[in-house]
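Here, each number is a calculation from the coordinates, and none is a lab measurement. Treat the numbers as computed from the prediction; the structure is a model and nothing was measured. Glycine also receives a Cβ, built like all others from the backbone with ideal geometry; neighbour counts cover every protein chain displayed.
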Amino acid sequence: MSSELERPPRQADERTALIGWLDLQRQILCWKCEGLSDEDARRAVIPTSPAMTMAGLISHMRWTEHLWLEVLFLGGDKKQNPAFDESSKNADWHTDGRPLAELLAEYEAQCARSDEVVAAAGLDGIGRHRWMLIHLVEETGRHAGHADIVRELLDGTKGYY
């Protein structure tokens with residue numbers, strides 16, 4: 001596994017830095033899925049966390065982007081987001097056997113929508129919008145780290161970026 005991902009520039013305004021780090025973490029998460037079969041993408045390798053599969057991580061992050069930027073940031077409808085489904089624990093992690101390519105396409109489309117939301121938002125003042133974006137960088141980086149572990153346990157593949 002090799003990658004040509006690059007860190008954001010060291011000299012950048014706050015918006016460029018935040019979006020750059022968020023995008024890098026998103027790319028790492030997708031990169032960790034390269035070459036995986038659908039079967040491996042759905043295979044649980046951590047006995048105490050059966051939902052933490054590569055497919056589950058991608059699904060969860062798709063809905064995390066939706067939750068933070070479309071529901072909480074914009075005040076949109078939360079009904080379509082399975083994270084709010086109180087009848088099913090961790091519903092946003094469930095993939096129902098859907099192909100990894102489909103989950104990745106949905107995640108990438110959600111990220112593009114999130115980028116549109118952030119591009120239209122003011123981040124200059126202190127407030128919830130900036131906090132939400134910083135939290136999304138943290139959440140994505142955290143799960144990119146989980147993807148490192150899951151991928152290594154699946155097939156021994158390692159790589160930082």
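Report, in deg cm²/dmol and to the nearest 500, the calculated mean residue ellipticity at 222 nm for the chain, where each DSSP H run with n ≥ 4 adds -39500 (n - 2.57) and the sum is divided by the residue count.
-17000 deg cm²/dmol
Between 0 and 90 degrees, rounded to the nearest ten: what's the tilt of helix 14-31 against the longest Cα principal axis of the chain?
10 degrees
Hey, can you rank 20-29, 72-81, 36-45 by average C-beta count inside 10 Å, highest first?
Descending packing order for the listed peptides: 20-29, 36-45, 72-81.
For a protection proxy built on the mean count of beta-carbon atoms within 10 angstrom, sort 111-122, 56-67, 143-154 highest first, please.
56-67, 143-154, 111-122
Dipole of the range 14-155, Cα-centred, from +1 at each Lys and Arg C-beta and -1 at each Asp and Glu C-beta, to the nearest 20 debye?
300 debye
Cα axis of helix 128-155 to longest principal axis of the chain: angle in degrees, 0 to 90, nearest 10?
20 degrees
Do you know the relative contact order of the chain, to the nearest whole percent, from alpha carbon pairs under 8 angstrom that are 6+ apart?
34 percent
What is the fewest-to-most order of Glu4, Glu102 by other Cβ atoms lying within 10 Å of their Cβ?
The fewest-first ordering by Cβ neighbours comes to Glu4, Glu102.
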